[in-house]
Amino acid sequence: MKSKWMFAASVMLAATSLAGCGEQKTQIGILQFGSFEALENARIGFEEVVRASSIADKVQIKVMNPAANSADNTSMASTLAASSDLLYGIATPSAGALKNAVDSLGSGAPVLFSAVTNAIGANLVQNLDKPEGNCTGVLDIGPIDDELDILMKFPGVDKVCSFFTQTEVNSVYQVEIAEDWMEDHNVSFVRKTITNASEIGTAFAAIPEDVDAVFLPTDDTIANAIVSIQTANQARTNPLIIVGSDTGMIDGCTFALGVDYKQCGKQAGEMAVKILGEGKKIADIPVETCSLNSIVINTTEAAKLGIGIPDEVLAIEGATTK
């Protein structure tokens, strides 16, 4: 009799456990470094794909945003890593913080990323084609050569200033590409760097008078404070042509050519579905580059500053105006 009761109790316990497992959802933790347009779009694209997929009813998404605060970014990464089955880091600081948190825990949870330009330089992966660890994702490296080709269509552009945050590895990587292009095309250039957003106004005002244009990489610090760039340029006696590598920075730019961040997010979302819905391993999911670019021309700001937009720039196929 006792053995029959114990058997019945065991069956009931097993049934309860199975029911509980059926109700428990897979946790996806998203760490979005800031709230500016590019990162918002990278999150929206990811969520759209996941919520429209076969795993939609099986997952629960939690989003945390440190508002570009490094200390909060690190603590939030630890919180998400401890409670998530899959992590998605938007921007290099958040992707790196998530990977470090997962590695510290030793959980091996997969970490996806987007809005990252140099995944190898950021120590997220060592091999783009066959990621060897628990991390893969989507790169946001834009067509820098094309950006500078367009910039040279503006008359009188002889000297360009690379303006960026010196501690952001993505920014340094892009600036080196841009400056190599300028050197090859006999365009003079200078660098102006900042360490945080509070320095933007002073640093921008200190750009030499003989500079004609500014190159902005996909810099998280600058993108999060692009209005400061806009204000600083308006305050100059000789406003500068500004080219941005992120269309989300268009308010402070003359034109911006870069990747479509919603598409970046969608591609990362497809990776999440492959992992959680199809059982794919990170090593079988190569790092991708965003497959869609866009260009925006800020005719409103240009008119305020007295900067003429060449007809051949306005006529670029696919260009939109603001």
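Structure notes:
- Of all residues making up the stretch 82-104, the number that are over 11 Å from ASN134 (Cβ atoms) and of a type in the set (A, V, I, L, M): 6
- Residues in the stretch 256-275 that are without any contact (Cβ under 8 Å) to a residue 60 or more places away in the chain and either assigned by TED's automatic domain parsing to the domain that holds VAL175 or surrounded by 24 or more Cβ atoms within 10 Å (Cβ to Cβ) (or both): ALA256 only.
- Some residue of the stretch 175-196 being in contact (Cβ under 8 Å) with a residue 60 or more places away in the chain and under 22 Å from GLY248 (Cβ atoms): no
- Just one of (1) of a type in the set (A, V, I, L, M, F, W, C); (2) more than 25 Å from ASN41 (Cα to Cα); (3) touching a residue at least 40 places away in the same chain (Cβ under 8 Å) fails for LEU105. It is (3).
- The condition of being in a loop (DSSP other than H, G, I, E, B), over 19 Å from CYS290 (Cα atoms) and in contact with a Gly (Cβ under 8 Å, 6 or more places away or on another chain) holds for only one of ALA68, ALA109, that being ALA68.
- Criterion: over 19 Å from LYS280 (Cα atoms), crowded, with 24+ Cβ neighbours inside 10 Å, touching a Cys at 6+ places or on another chain (Cβ under 7 Å) and not assigned by TED's automatic domain parsing to the domain that holds ILE242 - qualifying residue of ALA77, ALA115, ALA91, ALA97: ALA115
- For the stretch 58-99, a residue qualifies if it is charged (D, E, K, R) and either touching a residue at least 24 places away in the same chain (Cβ under 8 Å) or under 15 Å from VAL116 (Cα atoms) (or both), and the qualifying residues are LYS58, LYS62, ASP85, LYS99.
- Among (1) loosely packed, with under 13 Cβ neighbours inside 10 Å; (2) in contact with a strand residue (DSSP E or B) (Cβ under 8 Å, 6 or more places away or on another chain), the one test that PRO143 misses: (1)
The values are calculated or read from the model by the stated rules, or taken from the named source; none is laboratory data. These figures come from a predicted structure and were not determined experimentally. Please note: Cβ atoms are built from the backbone with ideal geometry, for glycine as well, and neighbour counts cover all protein chains shown.
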